[in-house]
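Read the structure below first, then the notes.
The values are calculated or read from the model by the stated rules, or taken from the named source; none is laboratory data. The structure presented is a predicted model; accordingly, all values stated were derived computationally and were not measured. Here Cβ is always computed from backbone atoms with ideal geometry, including for glycine, and neighbour counts include all displayed protein chains. When the accessible area is computed, the model is the full protein with side chains, heavy atoms only, and any ligands, DNA or RNA have been set aside. Shrake-Rupley method; radii C 1.70, N 1.55, O 1.52, S 1.80 Å.
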Amino acid sequence: KAGVTQTPRYLIKTRGQQVTLSCSPISGHRSVSWYQQTPGQGLQFLFEYFSETQRNKGNFPGRFSGRQFSNSRSEMNVSTLELGDSALYLCASSLEGASGDGYTFGSGTRLTVV
Amino acid sequence: QKEVEQDPGPLSVPEGAIVSLNCTYSNSAFQYFMWYRQYSRKGPELLMYTYSSGNKEDGRFTAQVDKSSKYISLFIRDSQPSDSATYLCAMRRGSSASKIIFGSGTRLSIRP
């Protein structure tokens, strides 16, 4: 079965711009979580969506937002990009929530802000 | 202080050696413990999943959880060059709705 698909794989943006990243979960998975991964901070939780509702939120500024559609696909948006937003953004899907044995990651979108 | 602490390495060992990877944590509410492996340019993939204290073995991999010491370990026996990757510990509280918290990852290199 198809895994978690993230698009695009690579993105270069300029400071001040905004960006939208997309995640298609495994078919049947209703929970989608987003993480930011950087060499200095590791994997940091952004937010989780379950059945189109944000269920958990990490400690990121309001410039980071997300949403989930009725088909469970999710998007995250970052507005007014800063250099420090350069990172690998990972999406993970699961059936019901943050269940360790059902959490599947995509390959990520690598965002570079110049 | 981070909730989950993990030595970033890098750790380099010869092929065939036993590897020990460790994490400590501060939140005693964590009940589920995981180890993920991440190859370059890929997302993390689940290796081991353990509930509460004790040991769990899967092939060459053994996960240990000591809740009294707030310490978890992953042992890799007969290490192979293909085991070279970044290993991330992760944990969460009981609820399926609770978020997963990750360690910063240990970069492991197995020398042929």
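Count Lys and Arg as plus one, Asp and Glu as minus one, and take only other residues whose Cβ is under 9 Å from that of residue A:63; the net charge is then -2. Beta bridges per DSSP, both residues in the protein assembly as shown: antiparallel share near 90 percent.
How many angstrom lie between the C-alpha centres of segment B:58-112 and segment A:1-31? Cα centres, segment B:58-112 to segment A:1-31: 26 Å.
Site pair residue B:29 and residue A:15 shows an inter-label distance of 3.8 nm when each label is modelled 7 Å from Cα along Cα→Cβ. Springs between Cα atoms under 10 Å define the GNM used for chain B, and in it the highest mean-square fluctuation of B:26, B:40, B:73 occurs at B:40. Among beta bridges from DSSP that stay inside chain A, the antiparallel ones total about 90%. Among the trypsin sites (Lys or Arg not before Pro) within segment B:1-94, those in coil by DSSP and having at most 12 neighbouring Cβ atoms inside 10 Å are B:41.
When the trypsin sites (Lys or Arg not before Pro) in segment A:38-114 are filtered for DSSP coil states and for at most 13 other beta-carbon atoms within 10 Å of their beta-carbon, the remaining sites are A:63. Taking all protein chains as they are arranged and a probe of 1.4 Å, the heavy atoms of residue B:45 leave approximately 80 Å² accessible to solvent.
In the calculated pair-distance distribution of chain B, the portion above 25 angstrom amounts to 17 percent of the Cα-Cα pairs.
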